[in-house]
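Everything below concerns the one structure shown next.
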Amino acid sequence: MVIVVPLLAVAAVLSWLDGYAAEAAFRPVTEEATAAECRELYTELDSHLTAEPELRFAARDGYYQARVYVSEPDNWMAVCRNDPPGAQYLGTAMEPGAKDRIQLFGAEDTVMKSNLVVGRVPTGTTTIRARLASGRIVTGSHDGDVFVIWTVDDSVQGAQLTATTADGSVIAAATAPAEF
């Protein structure tokens, strides 16, 4: 009995500490911490850039964040996803394209490696949506021309993208890659 009680007390403390550590690992990271980690990644991985990428927008899904940066002088888009284990970074060239259609950037890489679709929407777009292969509809984030479609718990492979105006009229459609 003398040995069992201290062992139970130690086990209870260790169990509590383990639970606390697991809970702490899945707390949302702050905007400031995410911004700093993303800045570090694009500085390290995209040293060829002549201008610092500007944050165009940030999307959040529970504990997860996706931040989209653009360096217009370099025609470069950087997407930084921050999940509880840490940040993932993807940079892609923004090739010129027709202004009347949805244009995807780094399509295969972004869809297959980062589970997101990024690009430009046509002028006049108020909403960009994706019908996922699962049937779920996800509304993307955009800031006028640059967009991201992203979900943490479903695949964007083969998603049917639709850009609409304020009255709901479809002005463009596209399909995300379904395989590499």
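The values are calculated or read from the model by the stated rules, or taken from the named source; none is laboratory data. Since the structure is predicted, the reported quantities are computational estimates derived from the model, not experimental observations. In this analysis, Cβ positions are derived from the backbone assuming ideal geometry, glycine residues included, and neighbour counts consider all displayed protein chains. Just so you know, the surface numbers come from the protein's heavy atoms only, side chains and all, with ligands and any DNA or RNA stripped out. Shrake-Rupley method; radii C 1.70, N 1.55, O 1.52, S 1.80 Å.
Counting only residues that are part of a loop (DSSP other than H, G, I, E, B) and open to solvent by less than 30 Å² (accessible area, probe 1.4 Å), how many does region 162-176 have?
1
Do we find that residue 178 is touching a Ser or Thr at 6+ places or on another chain (Cβ under 6 Å) and either among the hydrophobic types (A, V, I, L, M, F, W, C) or farther than 26 Å from residue 69 by Cβ (or both) in this structure?
Judged against the criteria, residue 178 is not a match.
Of the residues 160, 103, only one is touching a strand residue (DSSP E or B) at 6+ places or on another chain (Cβ under 7 Å) and modelled with pLDDT of 95 or more; which?
Every option except 160 fails the conditions.
Just a yes or no: is a residue in region 152-174 under 24 Å from residue 36 (Cα atoms) and among the acidic types (Asp, Glu)?
no
When region 145-161 is examined, which residues are found to be open to solvent by 10 Å² or more (accessible area, probe 1.4 Å) and either closer than 26 Å to residue 100 by Cα or part of a strand (DSSP E or B) (or both)?
Those that are open to solvent by 10 Å² or more (accessible area, probe 1.4 Å) and either closer than 26 Å to residue 100 by Cα or part of a strand (DSSP E or B) (or both): 145, 150, 157, 158, 160.
For residues that are in a loop (DSSP other than H, G, I, E, B) and open to solvent by less than 20 Å² (accessible area, probe 1.4 Å), scanning just region 76-108, find the one that is farthest from residue 37 (Cα to Cα).
In this case the residue turns out to be 102.
Based on this model, can you work out whether residue 143 counts as among the charged types (D, E, K, R) and more than 19 Å from the chain's Cα centre (by Cα)?
Spelling it out, it is not the case that residue 143 is among the charged types (D, E, K, R) and more than 19 Å from the chain's Cα centre (by Cα).
Might you check whether a residue that is basic (Lys, Arg) and in a helix (DSSP H, G or I) occurs anywhere in region 109-131?
yes
If you take the residues in region 116-144 that are closer than 22 Å to residue 98 by Cα and among the hydroxyl-bearing types (Ser, Thr, Tyr), which one is surrounded by the most Cβ atoms within 10 Å (Cβ to Cβ)?
125
Among the numbered criteria (1) over 12 Å from residue 34 (Cα atoms); (2) in contact (Cβ under 8 Å) with a residue 40 or more places away in the chain; (3) surrounded by 13 or more Cβ atoms within 10 Å (Cβ to Cβ), which one does residue 53 miss?
It is condition (2) that residue 53 fails.
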